[in-house]
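Contents: one structure, followed by commentary.
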Amino acid sequence: MPRVLIAEKEILLGAAIQSFLAGKPGLDVISIPTRDLAELVQEIERVQPDVVILGEPGHLSEPAQLLTYLRGYPKLRVVVVSAENNMVRVYDRHEVSLKRAAQILDVLHDDGNLSSEQ
């Protein structure tokens, strides 16, 4: 069962997302208000989620620090929700081993399959 951590500075947005997801089977949903990046990092360590949902701009005011920290969580998916324009950004970390330099094209096209012919 995927564990979802909603870490939202805006309490209303976080509560709305939690209310929607809480009724969905197969999800373990935890919602916490966080004030800053340090508190977010602490909660990720404590909860060990599969997915973190953040509001925009929120914790992304320090994106380089957040990305550096998330290197330790290679399977963590980060979903960034914007209440202003109804956009959702999804960030996944993928590691791909290339056997040939030309296989970088497969990664750029994001088809998930590395060609053995190139």
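Inspect all residues belonging to the range 54-63 and state whether any of them is among the polar types (S, T, N, Q), at pLDDT below 80 and either surrounded by fewer than 14 Cβ atoms within 10 Å (Cβ to Cβ) or within 21 Å of residue 19 (Cβ to Cβ) (or both).
Yes - at least one qualifying residue is present in the range 54-63.
I'm trying to understand the selection: among the residues of the range 16-58, which are small (Gly, Ala, Ser) and touching a residue at least 40 places away in the same chain (Cβ under 8 Å)?
55, 58
So the check is Cβ under 9 Å with 6+ separation or different chains; which pairs have a first residue in the range 4-15 that's over 14 Å from residue 35 (Cα atoms) and surrounded by 14 or more Cβ atoms within 10 Å (Cβ to Cβ) and a second one that's among the aliphatic types (A, V, I, L, M) and at pLDDT below 85?
What qualifies is 13/83.
Answer with yes or no whether residue 3 is over 18 Å from residue 93 (Cβ atoms), among the basic types (Lys, Arg), out of contact with any Lys or Arg (no Cβ under 8 Å at 6 or more places or on another chain) and at pLDDT 90 or above. Write out each step before concluding.
Numbers: over 18 Å from residue 93 (Cβ atoms): no; among the basic types (Lys, Arg): yes; out of contact with any Lys or Arg (no Cβ under 8 Å at 6 or more places or on another chain): yes; at pLDDT 90 or above: yes.
It is false that residue 3 is over 18 Å from residue 93 (Cβ atoms), among the basic types (Lys, Arg), out of contact with any Lys or Arg (no Cβ under 8 Å at 6 or more places or on another chain) and at pLDDT 90 or above.
The values are calculated or read from the model by the stated rules, or taken from the named source; none is laboratory data. As the structure is a prediction and not an experimental result, all values here were calculated from the model. Neighbour counts are summed over all protein chains in view; Cβ atoms, including those assigned to glycine, are modelled from backbone coordinates with ideal geometry.
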